[in-house]
Amino acid sequence: MKCVICGCPICGQYYYDHWGNKVCAIHVTNNEVARCASCGQYMVPTDSTGDGRALCGVCMSSVVMDIEEAERLKKYILRKFLEVGVEFSDKNLDSVNIEIVSPERMAEIRQQPVNLMNKGITLTRSFSGGFGPIFNTKARLEHQVYMLSYLTRVEFAATLAHEILHIWQNENGIKLPPMKCEGLCNMGAYMIYEDMNSLKVSFFKKSMVESPDPIYGDGFRYMLAEREKHGLKRLFEMAKQGQL
Ligand SMILES: [Zn+2]
Ligand SMILES: [Zn+2]
Ligand SMILES: [Zn+2]
């Protein structure tokens with residue numbers, strides 16, 4: 001049993017992460033250990049992202065930083081959603097712009113302090129139409145998705161799936177209390193974790209299921225229980241019909 005920081009056999013108190021890596025307790029006390037910003041594994045502190053985040057080699061090798069890949073992942077997510085009846089009038093969501101932003105920019109957009117847990121946000125604006133209100137009874141919605149930089153492929157896809165379900169709820173006029181709204185969006189993220197092949201998926205699934213957050217965690221567990229009873233397709237139908 002070796003410590004991942006000093007490489008020595010561990011004899012005293014130690015900590016371990018989800019992946020079974022162990023570190024001497026003293027390194028934690030002395031701030032000599034970081035956790036991968038994505039998968040949480042213990043590692044030597046490094047600034048992998050240029051903004052203070054440490055990422056392990058595996059996670060660093062799969063980060064999504066270009067829009068082409070983001071667009072490919074968007075298509076994949078929409079295919080997955082279509083299988084459970086989640087559709088959009090703008091079939092491929094071509095009108096939805098995705099931008100990858102730094103933690104500082106994300107904080108600015110949210111008007112909140114920097115928080116690396118904020119991996120994505122969707123801003124929806126509604127227009128009552130371009131040329132006078134008389135001809136437009138239905139408001140047109142425009143969505144902009146901001147995604148945090150240096151998310152790994154699975155994390156990016158799951159976060160984007162979450163955001164896309166916000167768009168879906170907005171487009172369908174679904175008005176749920178925050179707990180159910182976020183819980184349903186998290187179900188979208190979970191679907192992606194269940195579908196994608198990645199070494200790191202077990203960590204994300206566990207984090208979601210065990211999240212102590214009263215909105216995101218409780219909301220997601222509520223949706224898991226509903227899915228258990230009715231199945232995924234019905235779950236989204238119920239959302240649309242105001243039965244959730
Ligand atoms: Zn050690
Ligand atoms: Zn990692
Ligand atoms: Zn959300």
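Nothing in this text is a laboratory measurement; each read-out follows from the coordinates by a stated rule. Computed from a prediction, not measured in an experiment: that's the story for all the values here. Quick reminder, even Gly has a Cβ in these numbers, built from the backbone with ideal geometry, and neighbours come from all protein chains shown.
The ranking of H162, H18, H143 from fewest to most other beta carbons within 10 Å of each one's beta carbon is H18, H143, H162. Viscosity 1.567 mPa s, temperature 4 °C: Stokes-Einstein D of region 14-60 from its Kirkwood Cα radius, in µm² per second? D = 121 µm²/s. Cα-based radius of gyration for region 1-128, normalised by 2.2 N^0.38 Å, reads 1.43.
May I ask which of K22/K80; K22/K74; K180/K206; K180/K233; K80/K206 have a Cα-Cα span longer than 26 Å here? Pairs exceeding the cut-off: K22/K80; K22/K74. Along its first, second and third principal axes, ordered by size, the chain spans 75, 41, 29 Å in Cα coordinates. Among G12, G57, G188, the largest mean-square fluctuation in a Gaussian network model of the chain, built with springs joining Cα atoms closer than 10 Å, belongs to G12. For C3, the amide hydrogen comes within under 5 Å of the amide hydrogens of C8, I10, counting only partners 5 or more places away or on other chains and with H modelled in the peptide plane. Evaluated with a Cβ-only charge set (Lys, Arg +1; Asp, Glu -1), region 65-240 carries a dipole of roughly 420 debye about its Cα centre, given to the nearest 20. Looking only at Y190, Y16, Y222, which one moves most when the chain is put into a Gaussian network model with springs between Cα atoms under 10 Å? Between Y190, Y16, Y222, it is Y16 that shows the largest mean-square fluctuation.
A Förster radius of 41 Å, combined with the Cβ-Cβ distance separating R72 from R221, puts the computed FRET efficiency at roughly 0.85. In the chain, a dipole from Cβ-located charges (positive for Lys and Arg, negative for Asp and Glu) runs towards its positive end, and of Q41, H162, V86 it is V86 whose Cα lies farthest in that direction.
Exposure proxy ranking for M1, M187, based on other Cβ atoms within 10 angstrom of each Cβ and starting from the fewest, stands as M1, M187.
Write down Rg/Rh for region 48-182, rounded to two decimals, with Rg from the C-alpha atoms and Rh from the Kirkwood relation over Cα pairs.
My calculation of the ratio gives 1.01.
Mean residue ellipticity at 222 nm from the helices of the chain, using -39,500 (n - 2.57) per DSSP H segment of n ≥ 4 over the full residue count, to the nearest 500 deg cm²/dmol? That comes out to -13000 deg cm²/dmol. This ranking places F81, F156 by how few other beta-carbon atoms lie within 10 Å of each, fewest first, which gives F81, F156.
Treating each Cα of region 161-244 as an identical point scatterer and ignoring solvent, apply the Debye formula and state log10 I(q)/I(0) at q = 0.11, 0.13, 0.17, 0.19 Å⁻¹. Reported log10 I(q)/I(0), two decimals: -0.27, -0.37, -0.64, -0.80. The dipole here belongs to region 140-190: it is taken about the Cα centre, uses +1 on the Cβ of Lys and Arg and -1 on the Cβ of Asp and Glu, and is about 100 debye. When both bridge partners sit in region 65-240, DSSP labels roughly 60% of those beta bridges antiparallel.
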